[in-house]
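Here the structure comes first, spelled out in structure tokens, and everything after it is commentary.
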Amino acid sequence: MQLTRRHFVAMSGLAATAACAPAIVETYDADVLILGAGLAGLHAARMLQADGMKVLVLEASDRIGGRMWTLDDVPGRPEAGGQQVGQSYARVRSTAIDLGLKIVPPKPGGSRDKAMVLNGQVFDAGEWATSADNPFPDAFKRATPDVALFMAAAAANPLKDQYAWREVSPEFDISAAEFLSQQGFDDQSRALCDIALNANQLSSYSMLNVWRSMTLFQLDASSGPSEEVEGGSQRLPEAMAASLGDSAVLNGTAVTGIDASGSGVTVRAGDRNYRAPYCVCTLPFPVLRHLPLALMPGTPQIQPIVDTMAYTQIQQVYLELEDGPSDGLPLMMWSDTPIERVFPVRNKSGETVALTCWINGIGTRISASDEDWMQLAERTLSETRGIKARAHKVTRWDETQPLSGGAYMHWAPGQIQPWAERVVAPAGNLHFAGEHTSYLHTGMEGAMESGERAAYAIIEAAAAT
């Protein structure tokens, strides 16, 4: 059965039908184990606890929040993970209000003006349309390389609403590389679009993924500009964890195995086994693919999806700004240099105090050390634009990180039709959540949507016993 808007409300009931509903016994550590203390896991935990269930959240890191990570030790307190709170993010907003947090407008002083560095030349992005180095088709000359794909995609978007990404014909599930080729982008043009792409590379990035993101952005923007959590995004998951009580979240407890082959679920973590009738697994698939996973015969097999789902590789360098550019151009930058994109970080007064160099996909350097990256960022900014900045920190959302393996998932061509529904199907009493299993949203709201779906499924299954 294909999941459509008519079936969405009934999702939790369908999941409950597929799950076993064992009686809770004294030997269990909790009614529900939650794997991961990000937004998905914490939202599910709060819902389940509110329904009277005992929850236990196992988190491998010493930090709460998952991909919500505010760098409090860096000037300007930049975000290493999720930041924007859309106007349609009802779950995020209501949870923040419930926990006494404020959702506020972004810091003042923001501008979309940017400079470009290409082939050693530095110029204002407004000059790109007439640049001799611009190889784009005439219809897209005014689009800079970081927006050209989206400009081309906007005119060809087959999705009518946020439900349709699972409903359209497979003929639209092609790679971004193939799509751009159809639009007249030659090899040189596509190579420029591959720089700083919010995916791993054009050839492995499904256009349905692009169109889905664009549709959601347009729907959200129609209600007003995005905002952010006052004090930093990480304050939200921290407050959610605190609301569960001191004994509900165990940090520093890395999962090393999951056994859902029997009536309940056993999770190996730290130096012991934890057992519960139900479990919500929010672990990113690059993490899950390295864990022993035992499932009950006859339950949906998720391993092929776990083994092949792509997660965008991202590395970021954070620098304290000491002296601005000597060229008089905007600090925000797209470049063909190793640091790819540069974003200003502003304080509460709107003053730029730091910079974030953001490297995506094929531009990431897995073998480079943090010190290598910091020296490279300082040198590149100085040599290309005369910017003086002192590097403070490097964050990595890449395959070297055992707790993430990447920043966020993206569908590859041909994966959505066979897998988009299967990825949310419970395997017995093991339920999956996380933004990679969301349906109507992405980002923070997608994570919370997925946790809510899993929580409802467990509540209904438990009520049926």
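Worth pointing out:
- Heavy-atom accessible area order for 207, 151, 409, largest first, 1.4 Å probe: 151, 409, 207
- Amide H contacts under 5 Å for residue 274: 267, 268, 269, restricted to partners 5 or more places along the chain or on a different chain, H placed in the peptide plane at 1.01 Å from N.
- Distance histogram for region 83-212 (every C-alpha pair counted, 5 angstrom bins, percent rounded to whole numbers): 2, 9, 16, 16, 15, 15, 12, 9, 5, 2, 1
- Taking only Cα atoms of region 405-465, radius of gyration then Dmax in Å: 12.7, 41
- Summing charges over neighbours of residue 459, with a neighbour being any other residue whose Cβ is under 13 Å away from its Cβ, gives -2 when K and R count +1 and D and E count -1.
- Under DSSP loop assignment and at most 10 Cβ neighbours within 10 Å, longest trypsin sites (Lys or Arg not before Pro)-free interval of the chain: 161-347
- Summed over the residues of region 307-386 and divided among them, the accessible surface reaches 40 Å² per residue at a probe radius of 1.4 Å.
- Residues whose amide H falls under 5 Å from that of residue 280, counting only those 5 or more places apart or on a different chain, are 33, 34, 35, 431, with hydrogens built in the peptide plane.
- Its relative contact order, with pairs defined as Cα atoms under 8 Å and 6+ residues apart, puts the chain at 27 percent.
- In this structure, the amide hydrogen of residue 196, modeled 1.01 Å from its nitrogen in the peptide plane, lies closer than 5 angstrom to those of 360, 363, counting only residues at least 5 positions away or on a different chain.
- Surface/4 estimate of mean projected area, convex hull on alpha-carbon atoms of region 66-142, nm²: 9.0 nm²
- For region 263-271, backbone phi angles converted through the Karplus equation (6.51, -1.76, 1.60; θ = phi - 60°) give residue-by-residue couplings of 6, x, 10, 10, 10, 8, 8, x, 10 Hz, Gly and Pro being listed as x.
- Here the contact order of region 106-160, divided by its residue count and restricted to Cα pairs under 8 Å and six or more residues apart, works out to 19 percent.
- Computed from the alpha carbon atoms alone, the convex hull of region 292-336 holds 150 Å³ per residue.
- Protein accessible area in the chain, 1.4 Å probe - carbon and sulfur %: 50 percent
- Calculated from the alpha-carbon coordinates, the chain shows an Rg and a Dmax of 22.7, 74 Å respectively.
- Cross-link partners for residue 107 among the aspartates and glutamates, with Cα-Cα distance under 19 Å and sequence neighbours closer than 8 places in the same chain left out: 72, 73, 79, 227, 228, 230, 320, 351.
- Note on residue 141: lysines with a C-alpha under 19 Å away, same-chain residues under 8 apart excluded, are 114.
- Per the Debye calculation on region 247-320 with a single equal scatterer at every Cα and no solvent contribution, log₁₀ I(q)/I(0) for q = 0.11, 0.12, 0.27 Å⁻¹ amounts to -0.37, -0.43, -1.39.
- Cα-based reach from residue 160 at 17 Å (exclusive), listing aspartates and glutamates while leaving out same-chain residues under 8 positions away: 171, 173, 220
- Degrees separating the helix 39-50 axis from the principal Cα axis of the chain, which is the longest one: 30 degrees
- Pairwise Cα separations in region 288-370 fall into 10 Å bins from 0 onward with the following percentages, short to long: 14, 32, 21, 15, 13, 5, 1.
- Cα-based Kirkwood hydrodynamic radius, region 25-157, one decimal, Å: 19.7 Å
- Between 0 and 90°, nearest 10: helix 443-463 axis offset from the chain longest Cα axis: 10 degrees
- Exposure of residue 290 as accessible area (Å², to 10), given a probe of 1.4 Å and all protein chains: 150 Å²
- Rounded to the nearest angstrom and listed largest first, the equivalent-ellipsoid semi-axes of region 126-194 from its Cα gyration tensor are 26, 13, 8.
- Couplings 3J(HN,Hα) of region 136-141, computed from phi: 5, x, 3, 5, 10, 4 Hz, in residue order, whole Hz [Karplus 6.51 cos²θ - 1.76 cosθ + 1.60, θ = phi - 60°; x for Gly and Pro].
- Phi-derived couplings, Karplus 6.51 cos²θ - 1.76 cosθ + 1.60 at θ = phi - 60°, listed residue by residue for region 111-128: 8, 8, 5, 8, 9, 10, 10, 9, 6, x, 9, 10, 7, 6, 4, x, 8, 4 Hz, with x used for Gly and Pro.
- Averaging 1/r over each pair of different alpha-carbon atoms in region 191-245 and inverting the result gives 14.6 Å, the Kirkwood hydrodynamic radius.
- Globularity ratio of region 179-280, using Cα Rg and 2.2 N^0.38 Å: 1.73
- Probe 1.4 Å, protein heavy atoms only - accessible area per residue of region 162-211 in square angstrom: 37 Å²
- The Cα atoms of region 211-353 define a convex hull whose projected area, averaged across directions, is 14.9 nm².
The values are calculated or read from the model by the stated rules, or taken from the named source; none is laboratory data. What you are looking at is a predicted structure, and each value in this text was computed from that prediction instead of being measured. As a convention, Cβ positions derive from the backbone with ideal geometry for all residues, glycine included, and neighbour counts pool all protein chains shown. All accessible areas refer to the heavy atoms of the entire protein, side chains included, with ligands and DNA or RNA removed. Shrake-Rupley method; radii C 1.70, N 1.55, O 1.52, S 1.80 Å.
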